[in-house]
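Novice: Right, I'll just put the structure down here and ask away after.
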Amino acid sequence: MNLIDKLEKNQRLEFDDAIKLYDLDLFTLGKYANKIREAKNGKKVYFNINRHINPTNLCADVCKFCAFSSHRQSAEKSYTMSYEQIIEAVDKSVLNGAKEIHIVSAHNPNVSWQWYLEIFKMIKDKYPNLHIKALTAAEVDYLHRKHGLSYEEVIEKMIEYGVDSMPGGGAEIFNEGIRAEICKGKVSSNNWLKIHSLWHQKGRQSNATMLFGHIESKEHRIDHILRIRSLQDSSLALNNGGGFNAFIPLVYQRDNNYLKNIPFLGSVEILKTMAISRILLDNINHIKAYWATSTLNLALVAQEFGADDLDGTIEKESIQSSAGAASKNGKSQKEFIELIQTSGFIPVQRDSLYNELIIYN
């Protein structure tokens, strides 16, 4: 059976067929990706009202693609926020309607594990209904290595201190040869998967990401996506509510880092990767076109190619904007709704676990 026949029958594709998807033209890919997208989510485009807080940029690791770490900046630009500064930011965001606080930090060697965890407890004590998405698998791995805690112990403490779900950061690209080049010393691909598996075993949800458009090949992307799919199969088999709720292909941002002479991917390659993600990940309900890395306009176009989510209003963002993304000050809710409607979709404000809060017909 040829590839098109398999797509017509919505058959699950393995590696050899999956890599051939890149040989199809964009609109053929879009046709099949959009068919799956509409079967799962209709014409809905999801977003949430969220705030990103990055409490420190001091990092023990030196990832070549990172522009956020203080290694990339002068010492005067390194920072570690106080608890007072963090809760002040949260207070303002709650007044602006935020339902989620997304907290990702650098791997600060000068603070205790309690410093990380007390942030979440402080927020949860004041705002018990506010969803906290925090601690990437890379951060969990760093706390394990730095403080001698097992992965299981870190996860238990995350739950105890109020973390509700995990972001997908630190996945980058799973191929270990590429990881050795761009993020040597960071969590391994197997351990990234193990940490999310342990989180899912607790009945908890997380995101999965893939950083693409740097030195990886198309084969590396397909391998990465299929490993995510395999873990999701295992997590869903537990039937305890845990698993990945979204996959996020992150477009590499090339400014202010140590990966040199990396051209930007064209929009066709980005949209193909979005569509291929939707086609291959039959067991993950949502594909997020994270506007902070793809631009809002291209993220909206991606909704025609398998994506069904834009992330959120963000309000303030430091990691991607440090590398050139136009996301530093977020977007307004009104702007999100109008742009989605103008694009012919139905805006849906969601919570962090994709419960629908408001449908803007």
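The values are calculated or read from the model by the stated rules, or taken from the named source; none is laboratory data. Computed from a prediction, not measured in an experiment: that's the story for all the values here. Cβ coordinates were reconstructed from backbone atoms using ideal geometry, including for glycine residues, and neighbour counts include every protein chain displayed. The area values use the complete protein model at the heavy-atom level, side chains included, leaving out ligands, DNA and RNA. Shrake-Rupley method; radii C 1.70, N 1.55, O 1.52, S 1.80 Å.
Novice: Could you check the range 97-111 and list, in sequence order, the residues that are under 16 Å from P167 (Cβ atoms) and among the aliphatic types (A, V, I, L, M)?
Specialist: A98, I101, I103, V104, A106
Novice: Here's a follow-up. I'd like the residue in the range 98-121 that is of a type in the set (A, V, I, L, M) and more than 15 Å from R51 (Cβ to Cβ) and, out of all such residues, is surrounded by the most Cβ atoms within 10 Å (Cβ to Cβ).
Specialist: Ranking the candidates gives A106 first.
Novice: Take the residues of the range 28-48 that are farther than 15 Å from I279 by Cβ and touching a helix residue (DSSP H, G or I) at 6+ places or on another chain (Cβ under 6 Å): which is modelled with the highest pLDDT?
Specialist: Looking at residues that are farther than 15 Å from I279 by Cβ and touching a helix residue (DSSP H, G or I) at 6+ places or on another chain (Cβ under 6 Å), I get V45.
Novice: Of all residues in the range 163-215, how many are basic (K, R) and under 14 Å from R227 (Cβ atoms)?
Specialist: 2
Novice: Residues that are open to solvent by 20 Å² or more (accessible area, probe 1.4 Å), at least 2 per element: which helices (runs of 4 or more DSSP H) completely within the range 212-302 meet that?
Specialist: It comes to 218-237, 267-280, 296-302.
Novice: Any idea which of E335, E317 is surrounded by fewer than 16 Cβ atoms within 10 Å (Cβ to Cβ) and at pLDDT below 90?
Specialist: None of the others qualify; the one that does is E335.
Novice: Right, next: Please specify each residue of the range 123-158 satisfying the condition of being out of contact with any Gly (no Cβ under 9 Å at 6 or more places or on another chain), in a helix (DSSP H, G or I) and under 15 Å from A89 (Cα atoms).
Specialist: Correct list: K126 only.
Novice: Determine whether I182 is of a type outside the set (G, A, S), farther than 30 Å from K121 by Cβ and touching a Phe, Trp or Tyr at 6+ places or on another chain (Cβ under 6 Å).
Specialist: When the stated conditions are applied, I182 passes them.
Novice: Considering only the range 53-80, how many residues are at pLDDT 90 or above and crowded, with 22+ Cβ neighbours inside 10 Å?
Specialist: Residues flagged as at pLDDT 90 or above and crowded, with 22+ Cβ neighbours inside 10 Å within the range 53-80 amount to 2.
Novice: Suppose we keep only residues that are within 15 Å of A106 (Cα to Cα) and touching a helix residue (DSSP H, G or I) at 6+ places or on another chain (Cβ under 6 Å) within the range 183-197. Which one would you say is least open to solvent (accessible area, probe 1.4 Å)?
Specialist: Here the answer is V187.
Novice: Which of the residues belonging to the range 8-27 are within 10 Å of K272 (Cα to Cα), open to solvent by less than 90 Å² (accessible area, probe 1.4 Å) and either part of a loop (DSSP other than H, G, I, E, B) or without any contact (Cβ under 8 Å) to a residue 60 or more places away in the chain (or both)?
Specialist: L24, D25
Novice: Next question. Can you name every residue in the range 148-179 that is charged (D, E, K, R) and open to solvent by less than 20 Å² (accessible area, probe 1.4 Å)?
Specialist: Scanning the range 148-179 gives E172, R179.
Novice: Looking at the range 137-168 only, could you name the residues that are out of contact with any strand residue (DSSP E or B) (no Cβ under 7 Å at 6 or more places or on another chain) and of a type in the set (S, T, Y)?
Specialist: Y142, S150, Y151, Y161
Novice: Just the residues that are among the aliphatic types (A, V, I, L, M) and out of contact with any Lys or Arg (no Cβ under 6 Å at 6 or more places or on another chain), please, taken from the range 334-356.
Specialist: Selection gives I337, L339, I340, L353.
Novice: Can you confirm whether the range 287-306 contains a residue that is touching a His at 6+ places or on another chain (Cβ under 8 Å) and modelled with pLDDT of 90 or more?
Specialist: There is no residue in the range 287-306 that is touching a His at 6+ places or on another chain (Cβ under 8 Å) and modelled with pLDDT of 90 or more.
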